[in-house]
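Asker: This is the structure I have questions about; it appears just below.
The values are calculated or read from the model by the stated rules, or taken from the named source; none is laboratory data. Predicted model, so just to flag it, every value in this text is computed and none were measured. Neighbour counts run over all protein chains shown; Cβ positions are idealised from the backbone, glycine included.
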Amino acid sequence: MGGLLAAAALSKTFRSVLVLERDILPATATARKCVPQARHVHALLASGQAAMDDLLPGFVDQLLELGAIAGDALGDIRWVVDGHRLAGGISGVPGILASRDLIEWHVRQRVQALPNVRILDRSDVTGLIADGNAVTGVSVQHRSGGPPTEVVPADFVVDSSGRSSQSLAWLGRLGFTPPRESQLAVDVTYATRHFRLDASRLDGDSGIGMAPGPSSPRSGFMGIQEDGNWIVTLAGYGDDVPPLDPDGFLDFARSFPTPDIYDALATAQPLGDGVRYRIPTTIRHHYSADDLPSNYVPFADAICSFNPIYGQGMSVAAVEATILRNCLQSTTNLPRQFLREANRCIDAAWNLTVDNDLRLPAVPGRRSVRVRFANAYASRLDRAAAVDPVVGSAFLRVTHLLDRPRKLLRPSTVLRVLLADRPGTH
C-alpha cells in the first residue's frame, strides 16, 4: 500500500516511476502471501480517505461503487472504549468499511492506470547502487522471467518495504549512521473469523468496536464487508491470546464489558477457519536528513510500524504520500522537508497509540509525567464521551487523524469533559 501511494505521488513529478514488488500480485481483490495481516480487520480512517482522494481523484466514490460501506464513524458504528459505551450521535467523521484486499486492489488499479507508472512483481530489491553517498539505483533479483539480476538506475528512491526494510543496513554500508529507534513491546495477538449473520440484530449499525483501556484491555471490531458477510477481529496483549475455534472465539467475545459483539455472533453462521497474527513490538525509526542521501527516503512502515489494532497504517501512508508529492514540487532539500512534515503526522499517531498502550498494565515501558497526565485525562474523557456525543466526536476526530491530540485539551472540550464526568452523571 505504501509503495503504491508513493508511486502516485512520484508520478506527479517524474517522467517514469517503477514499483518493485517482491510478492505475486493477484489479478483480483484477493489476499496475497506477503501480507498475512491483510486477512484481518483494516481501517481506512477519514484522514486516509481524504489523502487517497487527493492523490487519486474520485477514489472514495469508486470504492463505494465496488461495494465498500460508508457511514458516520459515531452514528453508524457502535463504540465501547475501556468499557464505556460512547453516546450515540452524528460526528461528521466519515467511516468506510471494506476489506484490505479490496482497498489495495482498487489503489493498484488506479496506480497501474497512470501512464508513467510501471509495476513489476516477483522482484526483490537486494541493495543500493551508489556513487559516493549518492544513490544511483538499486540491484534487483527477478523471479518473473528475463534477466535474473539487474541494476535499475534511479534519480530518486523510496523505500516502502515495511517492517522488514533493509534501509538501515544498506545505508550503513554507505557510511550513514543509523537513526535513533523507539520500540514498545506490545505483544499483541489478534484472531479473525468471518460470519454470515442477520444484520437486524445490530439495529442498523454497520460495525461494533471495543477499544482497549486499563479496566478492559481486550479489544475487537466487527464490521460488514463488501460481500455482505461480517469480519470479526479479536485481540489481546501478552498471554491473552484469542482462540481460533468457534466456541473459544465466542467465549472471548463474551468477556467484553458489554455484550454487543457476543449477542451479534450468538446465532451467526461461521464461515471458514479462523486466522491469527502477532505483533511483538511497535517500532519507530527517528530518521533525520543527516541519516539519508539527498535522493532517498524511507516511507510508511519503513519509518514507523504502529500497533495494528488502532488501524492507522494505511492512512498514515496516504498522508505521507500527499506530503511527498508536495515536497517534490516545492523544495530542493527533499528528505529534510519530507521528514519534518511527515513526522508531524507520525508524532500524532504514534503518541496516541503508545500512550493508550501504556495505560495497560500488561505493556512494559516507562510512564513519563506527560504519559501519566495524558492517560489520567483519557480516562476522564472516556467516561465523558459515554454521556456527551460532542466529546465522543472530538475523540473520533483525533483517532481518525483529522485533529491533533492537543485539540482534546481546548478549554471548551476540557470543560465538557469535567462537567460530564461529575459524580452522578453515569
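Asker: Which residue pairs have Cβ atoms under 6 Å apart, sit 6 or more places apart or on different chains, and have a first residue in region 63-84 that is among the hydrophobic types (A, V, I, L, M, F, W, C) and a second that is surrounded by fewer than 17 Cβ atoms within 10 Å (Cβ to Cβ) and assigned to a strand (DSSP E or B)?
Answerer: Listed by first residue and then by second, the contacts come to LEU64/ALA70.
Asker: Being at pLDDT 95 or above, small (Gly, Ala, Ser) and surrounded by fewer than 19 Cβ atoms within 10 Å (Cβ to Cβ) narrows it down to one residue among ALA199, ALA185, ALA191; which is it?
Answerer: Being at pLDDT 95 or above, small (Gly, Ala, Ser) and surrounded by fewer than 19 Cβ atoms within 10 Å (Cβ to Cβ) holds for just one of ALA199, ALA185, ALA191, which is ALA185.
Asker: So, one more: Please specify each residue of region 362-386 satisfying the condition of being assigned to a loop (DSSP other than H, G, I, E, B) and either buried (at least 18 other Cβ atoms within 10 Å of the Cβ) or assigned by TED's automatic domain parsing to the domain that holds SER305 (or both).
Answerer: VAL363, ALA386
Asker: Would you check if there is a residue in region 10-28 being in contact with a Leu (Cβ under 8 Å, 6 or more places away or on another chain) and either in a helix (DSSP H, G or I) or free of Cβ contacts under 8 Å to residues at least 40 places away in the same chain (or both)?
Answerer: The answer is yes, given that some residue of region 10-28 is in contact with a Leu (Cβ under 8 Å, 6 or more places away or on another chain) and either in a helix (DSSP H, G or I) or free of Cβ contacts under 8 Å to residues at least 40 places away in the same chain (or both).
Asker: Go through region 251-271 and give me each residue that's crowded, with 19+ Cβ neighbours inside 10 Å and farther than 12 Å from GLY209 by Cα.
Answerer: Of everything in region 251-271, those that are crowded, with 19+ Cβ neighbours inside 10 Å and farther than 12 Å from GLY209 by Cα turn out to be PHE252, ALA264, LEU265, ALA268.
Asker: Can you run down the residue pairs with Cβ atoms below 7 Å, 6 or more apart or on separate chains, where the first is in region 140-159 and without any contact (Cβ under 8 Å) to a residue 40 or more places away in the chain and closer than 15 Å to ASP23 by Cα and the partner is assigned to a strand (DSSP E or B) and of a type in the set (Val, Ile, Thr)?
Answerer: GLN141/THR126; GLN141/THR149
Asker: Then there's this: Do you know which residues across region 60-92 are surrounded by 21 or more Cβ atoms within 10 Å (Cβ to Cβ) and over 19 Å from VAL232 (Cα atoms)?
Answerer: Residues satisfying the conditions are LEU63, HIS84, LEU86, SER91.
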